[in-house]
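Notes to accompany the following structure.
Just so it is clear, none of the values below were taken in a lab; they were calculated from the coordinates. Just so it is clear, the model here is predicted, and its values are computed rather than measured. Methodologically, a virtual Cβ is constructed for each residue, glycine included, from the backbone with ideal geometry; neighbour enumeration extends over all protein chains shown.
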Amino acid sequence: MELIYGAEKYIKRNKPLYLALGNFDGLHQGHKEIINRVVQTAGQNGGLAAAFIFEPHPVKVIKPEKAPKLLVTAGRKAQLMEELGLDILIYQEFNREISCWSPEYFAREILVNKLDAAEVFVGFNYSFGYKGQGSPELLHKLGGTLGFFVRIIEPVEVKGHLVSSSLIRQLLVSGDIQNASIMLGNEPMIEARIIRGENRGTSIGFPTANLQADPDLIIPGVGVYAGRIMIQGKAYKCVVNIGRKPTFHEEYPVTVEAHIIDFCGDIYGEKVELFLISKIRDEKKFQNIEQLVEQITQDRNQAIKLCTI
């Protein structure tokens, strides 16, 4: 897949461009439906399948205090889109100047003059232009005037609920990994770097890797989870604790640490990918180390049963 940073750097081709518009945070089942339709249509018509994404999330620029935590990084989003068969991903830096573009300006200058889009695909709740004044219906009208076709993709429902990034965030915060996975279409993943911690896990027989996650990513709710971690291209089962270590601290910031099963090695500084499979239990305070070790042993056994690699 070709990555392009800035619409002005796109070179028009001798093939029609079929373009998906949206932020696609998490690339959930609803987003996948849009991308799949783009890829399918481009294939049927000998064209190129592309997506246009503003980066960072517009809310982070306009109202940073209200910016949502993200489900995936930009890099992970690109990886998922490539797996779906997208040919081109165009990232456009979002700033204050762009936030003032009218819907008409965006359609004319970007979709037509810069990208020469033959057909544009958007979700049913897509908004664009100054203060989100543009709707799918307005885009359809503009397309009729400017010479591109617009397809509005209907919402996707799972278990009677509309799939949305905001709902998936709620599920993750509540620790409902399994339903979040169903709505995403893949397991939630945290990209992180291994950093030094308190080294307490080693002293009780369960060494842990302390994960420093991307600060823009959402972290699931406090608890103990079964997971799978990718280290240097190899997968390992693990038990993940997200919490404040109440057995050892009265007050402590939320940390993410993983006991990696059947692994031994120095991985400080390594970048890893942590996939969460299922929540095992809530975090709790234990009366002594013996109780904690007994519980971690049970958690480890549970994680081995729940995880596949």
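Observations on the structure shown:
- Förster radius 51 Å - calculated FRET efficiency between I309 and Q44 (Cβ-Cβ, nearest 0.05): 0.85
- Amide H contacts of A192 (H built 1.01 Å from N, in plane; Pro and chain starts excluded): V272, L274 sit under 5 Å, all sequence-distant by 5 or more or on other chains.
- Gap separating the Cα centres of the range 1-38 and the range 135-214, nearest whole Å: 18 Å
- In terms of its alpha-carbon gyration tensor, the range 2-158 comes out rounded; the largest-to-smallest axis ratio a/c stays below the 1.5 threshold.
- The chain: relative contact order in percent, alpha carbon pairs under 8 Å with at least 6 residues between: 16 percent
- Label positions at R281 and E93, each projected 7 Å from the Cα along the C-beta direction, are separated by 5.0 nm.
- Full-stretch length increase - H249, T145 - with 0.36 nm per residue and alpha-carbon distance subtracted: 31.1 nm
- Note on K285: lysines with a C-alpha under 22 Å away, same-chain residues under 8 apart excluded, are K245.
- Net charge of Cβ neighbours under 12 Å - reference N95; Lys, Arg +1; Asp, Glu -1: -1
- Global form of the chain, assessed from the alpha-carbon gyration tensor, a/c cut-off 1.5: prolate
- Each Cα pair under 8 Å and six or more residues apart adds its separation to the average, and for the range 187-306 the resulting relative contact order is 33 percent.
- Fewest-first sequence of Y10, Y126 by Cβ atoms within 10 Å of each Cβ: Y10, Y126
- Greater than 27 Å apart at Cα, pairs in K77/K271; K77/K159; K159/K279; K66/K271; K15/K131; K237/K271: K66/K271; K15/K131
- Cα shape, the range 187-306, gyration tensor, a/c 1.5 rule: rounded
- Length-normalised contact order of the range 227-284 in % [C-alpha pairs under 8 Å, at least 6 apart]: 42 percent
- Length added when fully stretched, S102-V293, from 0.36 nm per residue minus Cα-Cα: 62.8 nm
- ³J(HN,Hα) computed for each position of the range 20-28 - Karplus, 6.51 cos²θ - 1.76 cosθ + 1.60, integer Hz, glycine/proline x: 9, 10, x, 8, 6, 5, x, 6, 6
- By the beta-carbon count within 10 Å of each Cβ, the least crowded to most crowded order of V61, V240, V72, fewest first, is V61, V72, V240.
- Taking other C-beta atoms within 10 Å as the exposure proxy, D25, D214 rank D214, D25 from fewest upward.
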